[in-house]
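Colleague: I have a structure here, written as structure tokens, and I will follow up with some questions on it.
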Amino acid sequence: MRAMPTFQLGQRVHLVDKKGRQYALTLKAGDRFQHSGETIPHDDLIGQPDGTMVRLSGGKTMMALSPTLAEYTLKMPRGAQVLYPKDIAMILMWADVYPGASVFEAGAGSAALTLGLLRAVGDRGRVVSYERREDFARTAIKNIERFLGPVVNFHLVQRDAHEGIGWDVDGTPHVFDRVILDLPEPWNVVPHVPAALRTGGIYLSFVPTVPQVVQTVEALQRTRAFGLIETFETFVRHWNIDGRSVRPDLRMIAHSGFITVARRMEKGDASAGPTPAVASGDEAENPVFDGG
């Protein structure tokens, strides 16, 4: 019989009140969680089973849970705005990110999407991510390690994707199965994509506004290297169901951005490969943050 998981030192835990509100904490020996004047020692949580009910000092009860990936991304520390779980789910499906895939991502931001990519590619796959800002890069690494622990198949390169993409962590050119961009101006990166994406591979980008998505699609068309170009958005509306009272929530997660996908076709010249903007192996200008 499989052993029931229990909370461990250093683990991320969410405490959920009766209204479904979640409060995140990272378990540390000797620390205390405080809420509305009530407290509970972290030591009282360490070793308890996932899903247990706990009682705070004033008598309030809360449920202690290991957060799902969706719950974790909404509560984790942020350096940059994170994608909503509804968009991450659609990205993973429409980019067809599969176990063993080699995925290029830019930019990493706070690593909400990166976490989804790492789960999808599994131990046999790998994710290489560019992030221009060092503070965002360090936040991303911390968020990943807090949820997944040390990850050996993830590499974060502090680099501006506008200068070109497709280099591995050692500075050598690499052709990926998937290229995923979460950047304000992906159309400036699109010309570099054909050399970094294998034939039949999938390109995907996420932008919030109509002018951005129009420029992105036009850039994809200009390369003459992509087909099956599609753009869409997603909405999520929750429903309240209480006996005979059934109605949609008064609030919903509506537009957050446009997802554009395309397939890499044979037509197009990717023979030259990427030309690095800085010398290969220049650690001072192109530092690498390894997730392992």
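The values are calculated or read from the model by the stated rules, or taken from the named source; none is laboratory data. Not measured: the values here are computed from a predicted model. Ideal geometry is used to build each Cβ from the backbone, glycine not excepted, and the neighbour counts take in all protein chains shown. Quick note on the areas: whole protein, heavy atoms, side chains included, nothing else; ligands and nucleic acids left out. Shrake-Rupley method; radii C 1.70, N 1.55, O 1.52, S 1.80 Å.
Colleague: With r defined as the distance between the Cβ atoms of Asp17 and Arg138 and R0 fixed at 35 Å, what FRET efficiency is calculated, to the nearest 0.05?
Modeller: E between Asp17 and Arg138, to the nearest 0.05, is 0.65.
Colleague: So what's the angle, to the nearest 10 degrees on a 0 to 90 scale, between helix 210-223 and the longest Cα principal axis of the chain?
Modeller: So the inclination is approximately 40 degrees.
Colleague: Starting from the eigenvalues of the Cα gyration tensor, five times each then square-rooted, give me the equivalent ellipsoid semi-axes of the chain, largest first, whole Å.
Modeller: Details: eigenvalues 300, 113, 48 Å².
They are 39, 24, 16 Å, listed largest first.
Colleague: What is the antiparallel percent of DSSP beta bridges lying wholly in the stretch 171-274, to the nearest 5?
Modeller: Details: 16 of 21 bridges.
Around 75 percent of the beta bridges assigned by DSSP in the stretch 171-274 are antiparallel ones.
Colleague: To test your reading of the geometry: what angle, between 0 and 90 degrees and rounded to tens, separates the Cα axis of helix 112-121 from the longest principal axis of the chain?
Modeller: In the chain, helix 112-121 runs at an angle near 80 degrees to the longest axis.
Colleague: Separate question: Need one number: % antiparallel among DSSP beta bridges in the chain, to the nearest 5.
Modeller: Values: 36 of 54 bridges.
Of all bridge pairs located within the chain, approximately 65 percent are antiparallel.
Colleague: Under unit Cβ charges (Lys, Arg +1; Asp, Glu -1), what dipole magnitude, rounded to 20 debye, does the stretch 1-142 have relative to its Cα centre?
Modeller: So the dipole magnitude of the stretch 1-142 works out to roughly 180 debye.
Colleague: If you count, for each residue, the other Cβ atoms within 10 Å and average over each peptide, how do 107-119, 138-150 line up from highest to lowest?
Modeller: 107-119, 138-150
Colleague: State the antiparallel share, in %, of DSSP beta bridges confined to the stretch 117-227, rounding to the nearest 5.
Modeller: On the way: 1 of 10 bridges.
The answer is about 10 percent antiparallel.
Colleague: For the stretch 121-273, what is the accessible area per residue in Å² when the probe is 1.4 Å?
Modeller: Accessible area per residue, the stretch 121-273: 52 Å².
Colleague: Obtain the radius of gyration and the Kirkwood radius of the stretch 19-88 from its C-alpha atoms and give Rg over Rh.
Modeller: 1.00
Colleague: For Lys142, go through the aspartates and glutamates and keep the ones whose alpha-carbon is under 17 Å away, minus same-chain ones fewer than eight residues off.
Modeller: Straight-line reach from Lys142, under 17 Å: Glu71, Glu131, Glu134, Asp290.
Colleague: Given N residues in the stretch 55-155, what is Rg(Cα) / (2.2 N^0.38 Å)?
Modeller: The stretch 55-155 yields a ratio of 1.18.
Colleague: Let me ask something else about it. Name the residue farthest towards the positive end of the dipole of the stretch 1-145 from the options Leu83, His35, Thr6, assuming +1 on Cβ of Lys and Arg, -1 on Cβ of Asp and Glu, about the Cα centre.
Modeller: His35
Colleague: Given a 1.4 Å probe and every protein chain left where it sits, what share in percent of the accessible area of the stretch 9-81 is carbon and sulfur?
Modeller: The value for the stretch 9-81 is 48 percent carbon and sulfur by accessible area.
Colleague: Let me ask something else about it. Heavy-atom accessible area per residue, the stretch 1-102, 1.4 Å probe: how many Å²?
Modeller: Solvent-accessible surface per residue comes out at 55 Å².
Colleague: How big is the accessible area of Arg132 in square angstrom, nearest 10, if you roll a 1.4 angstrom probe over the protein chains?
Modeller: 140
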